[in-house]
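Engineer: Okay, handing you the structure first.
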Amino acid sequence: KDLDKEQIWNILFQIHKDPDPDAHYQFPATLKNDERKYIHTACRKLNLKSKSRGHGINRFLTVWKSEKPLETNIPALKVSDDIFGAVDAFVRDKKSL
């Protein structure tokens, strides 16, 4: 049975919200090229990893959780003590208004 887009999103969302860091799903080898491409794109939107393996009729796609939570993919903002002090003073000054 072919998977429609809603079923694909349901599978991917279940992996995304699963607390198990090893959560994964292997899609069947019956997927067509455009279906695999759609899943790869959807995985990027949910911060999931995906990989197609095999050749021809034996090609299948596996999806798993990214090693890092989405929040850790954002680089840390480095702020000098001088800048931090200036921002802190500005915020404190605005609170007194």
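Engineer: Calculate, for Asp22 and Ile57, the FRET efficiency according to 1/(1 + (r/R0)^6) with r their C-beta to C-beta distance and R0 41 Å; round to the nearest 0.05. Could you put the intermediate results ahead of the total?
Structural biologist: On the way: r = 28 Å, r/R0 = 0.69.
E between Asp22 and Ile57, to the nearest 0.05, is 0.90.
Engineer: When we measure straight from the Cα of Lys49, which aspartates and glutamates land under 12 angstrom away, once same-chain ones fewer than 8 places off are left out?
Structural biologist: Asp22, Glu67
Engineer: Given axes a ≥ b ≥ c from the Cα gyration tensor, I'd like to know whether the range 19-60 is rounded (a/c under 1.5), prolate (a/b larger than b/c) or oblate. List each step's numbers first, then the result.
Structural biologist: Details: a/c = 2.78, a/b = 1.55, b/c = 1.79.
Oblate.
No lab work stands behind these numbers, since they all come straight from the coordinates. Because the structure is predicted, anything quoted here is derived from the model rather than measured. Cβ: placed from backbone, ideal geometry, glycine included. Neighbour counts: every protein chain shown.
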